[in-house]
Amino acid sequence: MKKSMKLSYVLIPLRGILYPLLFMFLISACFLPENKVGWAGLPTGSPSPTNKNDEAKTVTVDGVGTVIGKDRARARDEALRDAYRMALEKAGVNISAYTEMVDLVVIKDVVNANVEGYVKSWQIDDEGVRDDGLYYVTITAKVVKAAIKKDDKEALKLIINIMGNPRFIVLVDEANIGEDPPFSMLEATLTEALTGYGYHSIDPEQKKLIEETEDARMAKRGDTSAALKLAMRMQADVIIVGKVYTEKLPKHEYFEGTNWVSSKAYSTVRAIIAETGEILDVKSPQKPGAGLTYRDAGTKAIKQCGQDMADDLIWNIPLHIGASEEKTIQLLVSNLTYSDYSKLTGELRNMRKVTYVFPRGWEKDEPAVYDIKTTGNAEDIAKRLEALGLEITRFSMNKIEVRKVEKGWWSW
């Protein structure tokens, strides 16, 4: 009798320890990547055969970019994108279907696995301004002739870097077991994951300026116009908005006799590209969490939601931001003579990344109107117009208004 009593005393605390651990293991197993790791950490499925195309080929190439005014940083970014493309071509990756200037479209298709090759890593050997005024970079790159792998973090970080490290802002309405937390775990998780890959977060002090505004509240509730207004104000390339809340889960049998409890997080989040207003398809996961309090369990559940979303966003953003195909921008120019009107048409057609210019008409004392097709963006065009001696009076993603300024017009 005494032996059985002693045994029961041992089993009760063991159950109190082992059951919660088993439950936590089962929950964590839900978050393992599919088809990668099985029980006891063993790989699932048969190993894939080694492919010779997965071996990196080393090439050395030059890339060039146009220096507008004194903006060498922009020219350098352009040269790096050009070098990426040239490295793919020299390594024998077929990208001949694309026109000469569409560097970001090539990068987009690398991420989307439409191009069977990617730059795994590179080093910059030399850079500077050539005698002809173009900025150049010389790189030695390792190119893999295969579709990019999602676990190749360094290759994706390189792509994000040459895209200019897109800026993002996260605004989330968060409630944990009915209370507002001192800080948003979802915002913190997304920010940590995205910055880890090279995306740039809006400065927290800047973010404080808009967090309590009506636009911020409307954006969190799903108002796309309000979200875009905030993104433009903060000069963010991507704005991530939405809400997340947690609820208590019933006491699980594994937790009987212990202080452990569980909660579940429910999230609804959207990511919007500032330049185009496009809404990205982002997961809105529901995740459980366990802890010694319902709020602690809720915090862990929210973090799991954030990690799931981040995995989606890290790969989705390069497919959409700054990598759009040819777009049309309307240009209105005031104070032009007819001679200036014809001259500007020629200048526009010679601009890098401009594929087509349609002069709509000229009338005295009225703005001259041009439709410009470009693989760049409105900011690129605006910078080049300023270099010609034109003053920007109004600017948006698809429309630029400028006026002729006598001073500097001689540069034509």
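Of (1) crowded, with 20+ Cβ neighbours inside 10 Å; (2) assigned by TED's automatic domain parsing to the domain that holds Ser262; (3) farther than 30 Å from Phe255 by Cα, Val333 satisfies all except one. Which?
It fails just one condition, (2).
Where residues in segment 325-343 are of a type in the set (A, V, I, L, M, F, W, C) and within 17 Å of Gly389 (Cβ to Cβ), which of them is modelled with the lowest pLDDT?
The selected residue is Leu336.
Quick one: in segment 273-285, of everything that is surrounded by fewer than 16 Cβ atoms within 10 Å (Cβ to Cβ) and not small (Gly, Ala, Ser), which residue is nearest to Ser396 (Cα to Cα)?
Among those residues, the one meeting the criterion is Glu278.
Only one of Ile314, Ile321 is at pLDDT 85 or above and surrounded by 20 or more Cβ atoms within 10 Å (Cβ to Cβ). Can you tell me which? Before the answer, list the steps.
On the way: Ile321 fails: at pLDDT 85 or above.
Answer to the check: Ile314.
Hey, does segment 372-384 have a residue that's hydrophobic (A, V, I, L, M, F, W, C), assigned to a strand (DSSP E or B) and under 25 Å from Arg72 (Cα atoms)? Outline the logic, then answer.
The initial filter retains those residues of segment 372-384 that are hydrophobic (A, V, I, L, M, F, W, C), namely 372, 378, 381-382.
Filter once more, so that each one left must be assigned to a strand (DSSP E or B): 372.
Right, trim to under 25 Å from Arg72 (Cα atoms) and you get 372.
Yes.
Looking at Ile302, is it closer than 14 Å to Glu247 by Cβ and either in the same structural domain as Ser184 (by TED's automatic domain parsing) or of a type outside the set (S, T, N, Q) (or both)?
yes
Return only the number of the condition from (1) in a helix (DSSP H, G or I); (2) in the same structural domain as Asn176 (by TED's automatic domain parsing); (3) surrounded by 21 or more Cβ atoms within 10 Å (Cβ to Cβ); (4) not aromatic (Phe, Trp, Tyr) that Leu344 does not satisfy.
Condition not satisfied by Leu344: (2).
Where residues in segment 211-227 are over 25 Å from Gln286 (Cβ atoms) and either at pLDDT below 90 or not hydrophobic (A, V, I, L, M, F, W, C) (or both), which of them is surrounded by the most Cβ atoms within 10 Å (Cβ to Cβ)?
Result: Asp215.
The rows are residues; the columns are (1) out of contact with any strand residue (DSSP E or B) (no Cβ under 6 Å at 6 or more places or on another chain); (2) touching a residue at least 40 places away in the same chain (Cβ under 8 Å); (3) among the β-branched types (Val, Ile, Thr).
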site	(1), (2), (3)
Phe255	yes, yes, no
Lys264	no, no, no
Asp281	yes, no, no
Pro288	no, yes, no
Tyr294	no, yes, no
Gln307	yes, yes, no
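Which one is farthest from Glu253 (Cα to Cα), of the residues in segment 289-298 that are touching a helix residue (DSSP H, G or I) at 6+ places or on another chain (Cβ under 7 Å) and surrounded by 21 or more Cβ atoms within 10 Å (Cβ to Cβ)?
Filtering first and then ranking leaves Gly289.
The values are calculated or read from the model by the stated rules, or taken from the named source; none is laboratory data. Remember, it's a predicted structure, so these values are computed and weren't measured experimentally. Cβ atoms come from the backbone with ideal geometry, glycine included; neighbour counts cover every protein chain shown.
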